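Trainee: Please read through the structure below; I'll follow up with questions.
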Amino acid sequence: GDSVTQMEGPVTLSEEAFLTINCTYTATGYPSLFWYVQYPGEGLQLLLKATKADDKGSNKGFEATYRKETTSFHLEKGSVQVSDSAVYFCALRGNQAGTALIFGKGTTLSVSS
Amino acid sequence: EAGVAQSPRYKIIEKRQSVAFWCNPISGHATLYWYQQILGQGPKLLIQFQNNGVVDDSQLPKDRFSAERLKGVDSTLKIQPAKLEDSAVYLCASSKGPAGGENEQFFGPGTRLTVL
């Protein structure tokens, strides 16, 4: 079945460092891909998405490109801030109506000043 | 606009007891989802409603879990009897249209269940 694999955490960075969180997927057809973020004490929020190959999703300085050839959707940010400390989840959704989100295990990011 | 509301936020019970969670989706959202998030894992869909009908409950342990969405608005998720492995955060989400396409899911803050 469909699945998502993302890099294990925690990831610990200093402020202004470059961030990459790797995400690869297994799916039939052409799924939509997502990154969700969960800040401490809050619910999951959609960070960005891409619905077809070569699309780039971006939001709040974060970017991810849908790479079908490598089945990847890595999350990047050029300069992280302390406020980016959170848990990040990669997810996919199949392209058939009614299909649910399938999440990776999450990667905890901790940014220190 | 108000977000997805869930209650209670925390619940501690002993195994074999029963428990119920409540969710109020964003007004006008047709689709409602319940997810289970075990510590260290990503959320896993338990059940998906569109209006008051079940779209997908293939991963719901039906021997102990039940859910309903009366009148196509609020929903309750019940566990009876609870087991230790049910300790998790239960997330409710809603979306304006059916799953798939461009319909973003909005998540509530979750209910953290601890089974002793």
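Trainee: Given A:Phe89, B:Gln37, A:Thr108, which one lies farthest toward the positive end of the charge dipole of the protein assembly as shown, if we put +1 on the Cβ of every Lys and Arg and -1 on the Cβ of every Asp and Glu?
Mentor: Sorting the options by dipole projection puts first B:Gln37.
Trainee: Within the set of other residues whose C-beta is less than 11 Å from the C-beta of B:Phe65, count the net charge using Lys and Arg as +1 and Asp and Glu as -1.
Mentor: Local net charge: +1.
Trainee: Rounded to the nearest 0.05, what FRET efficiency do A:Gln81 and B:Glu104 give with R0 = 25 Å and r taken as the Cβ-Cβ distance? Could you check?
Mentor: 0.55
Trainee: While we're looking at this one, here's another question. Just counting partner chain Cβ atoms within 10 Å, what average do the residues of peptide A:43-51 show around their Cβ?
Mentor: Averaged over the peptide's residues, the number is 4.
Trainee: Once the cut-off is 20 Å, how many percent of the Cα-Cα pairs in region B:4-97 end up in the long-distance tail?
Mentor: Counting pairs separated by more than 20 Å, the tail of P(r) holds 31 percent.
Trainee: Follow-up question, since we're still on this one. Please report B:Ser7, A:Ser72 as a ranked list, fewest other C-beta atoms within 10 angstrom at the top and most at the bottom.
Mentor: Taking fewest neighbouring Cβ atoms as first place, the list is B:Ser7, A:Ser72.
Trainee: Considering the convex hull of the alpha carbon atoms of the protein assembly as shown, report its projected area averaged over all viewing directions, in nm², one decimal.
Mentor: Computing the convex hull of the Cα atoms and averaging its projections yields 12.4 nm².
Trainee: For chain B, modelled as a GNM with alpha-carbon contacts under 10 angstrom, which of B:Ile38, B:Ile47, B:Ile26 fluctuates the most?
Mentor: B:Ile38
Trainee: Could you give me the ³J(HN,Hα) list for region A:27-35, computed from phi with Karplus coefficients 6.51, -1.76, 1.60 and θ = phi - 60°, whole Hz, x at Gly and Pro?
Mentor: 7, 8, x, 10, x, 8, 10, 9, 10
Trainee: Still on this structure: Give, in nm to one decimal, the length gained when the segment between B:Glu14 and B:Thr114 is fully stretched (0.36 nm per residue of separation minus the Cα-Cα distance).
Mentor: So the chain would gain 35.2 nm between B:Glu14 and B:Thr114.
Trainee: While we're looking at this one, here's another question. Considering amide H positions built from the backbone, and no H for Pro or chain starts, which residues 5 or more places from A:Ala86, or on another chain, come under 5 Å of its amide H?
Mentor: Under 5 Å from the amide H of A:Ala86: A:Leu109.
Trainee: Got a sec to turn the phi values of region B:84-94 into Karplus ³J(HN,Hα) couplings, 6.51 cos²θ - 1.76 cosθ + 1.60 with θ = phi - 60°, whole Hz, x for Gly and Pro?
Mentor: Computed from phi, the couplings for region B:84-94 are 4, 6, 7, 4, 5, 9, 9, 9, 10, 9, 9 Hz.
Trainee: For chain B, set up a Gaussian network in which alpha carbons nearer than 10 Å are linked by springs, and say which option among B:Pro43, B:Pro61, B:Pro25 fluctuates the most.
Mentor: Sorting by GNM fluctuation, first place goes to B:Pro61.
Trainee: What is the magnitude of the charge dipole of chain A about its Cα centre, with +1 placed on the Cβ of each Lys and Arg, -1 on the Cβ of each Asp and Glu, and no other charges, expressed in debye to the nearest 20?
Mentor: 320
Trainee: Run the quick spin-label model on A:Thr26 and A:Glu42: label points 7 Å from Cα toward the beta carbon, then report their separation in nm to one decimal.
Mentor: For the pair A:Thr26/A:Glu42, the computed spacing is 3.4 nm.
Trainee: Which of A:Glu63, B:Glu14 comes first, and how do the rest follow, when ranked by fewest Cβ neighbours within 10 Å?
Mentor: Ranking A:Glu63, B:Glu14 by Cβ neighbours within 10 Å, fewest first, gives B:Glu14, A:Glu63.
Trainee: I've got another one for you. Could you compute the net charge surrounding A:Gln81? Neighbours are other residues with a C-beta less than 10 Å from the C-beta of A:Gln81; K and R count +1, D and E count -1.
Mentor: Charge balance near A:Gln81 sits at -1.
Trainee: Can you give the FRET efficiency for B:Asn51 and A:Glu69, using 1/(1 + (r/R0)^6), R0 = 35 Å, r = Cβ-Cβ distance, to the nearest 0.05?
Mentor: Step by step, r from the Cβ atoms, then E = 0.30.
Trainee: Let me ask something additional. Of the DSSP beta bridges with both residues in the protein assembly as shown, give the percent that are antiparallel, rounding to the nearest 5.
Mentor: 90
Trainee: Quick one: which residues, 5 or more positions from B:Leu46 or on another chain, have an amide H under 5 Å from its amide H? H modelled 1.01 Å from N in the peptide plane, none for Pro or chain starts.
Mentor: It is B:Trp34, B:Tyr35, B:Gln36, by chain and number.
Trainee: So, one more: Starting from the amide H of B:Glu68, placed 1.01 Å from N in the peptide plane, find each other amide H under 5 Å away whose residue is 5 or more places distant or on another chain.
Mentor: B:Thr76
Trainee: How would B:Arg112, B:Arg16 line up from fewest to most surrounding beta-carbon atoms within 10 angstrom?
Mentor: Lowest count first: B:Arg16, B:Arg112.
The numbers here are math on the coordinates, done by the rules we state, and not lab data. Predicted model only: the values in this text are computed from it and were never measured. In this analysis, Cβ positions are derived from the backbone assuming ideal geometry, glycine residues included, and neighbour counts consider all displayed protein chains.
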